[in-house]
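A quick write-up on the structure given underneath.
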Amino acid sequence: VAYRASAEEAEWGASWEFAHVHQNGATIVPKTKKRLSFMLGGKLVHAHKVTIPARPFVGLSAENRREIEDLVTDWLGRLMA
């Protein structure tokens with residue numbers, strides 16, 4: 001997980017090539033052959049497509065959102081005092 005932050009904004013995410021597949025899911029289909037071929041559990045497997053479910057790991061939970069709102073509200077409250 002990587003981030004960038006400045007006085008105006010904060011951004012976070014993942015910087016490796018296939019992070020989006022884990023975050024959003026994907027369907028893999030063969031490019032030049034009729035089927036995909038790969039080893040699974042020591043056995044050769046063939047498939048017309050493989051669906052990888054989303055397994056989000058970057059984002060904000062409802063609790064994270066509340067914490068951020070509380071931090072920002074406290075910080076702004078100190079500026080106004």
- Item | Any strands (runs of 3 or more DSSP E) falling wholly within the chain and containing at least 2 residues that are in contact with a helix residue (DSSP H, G or I) (Cβ under 6 Å, 6 or more places away or on another chain), at positive phi and surrounded by 10 or more Cβ atoms within 10 Å (Cβ to Cβ) | none
- Long-range neighbours under 8 Å by Cβ, at least six apart or interchain, first residue farther than 25 Å from Phe18 by Cα and modelled with pLDDT under 90 within region 54-81, second surrounded by 10 or more Cβ atoms within 10 Å (Cβ to Cβ) and hydrophobic (A, V, I, L, M, F, W, C): Ile68/Leu60
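The values are calculated or read from the model by the stated rules, or taken from the named source; none is laboratory data. All values derive from a computational prediction rather than experimental measurement. Positions of Cβ are generated from backbone atoms using ideal geometry, with glycine treated the same way; all protein chains shown enter the neighbour counts.
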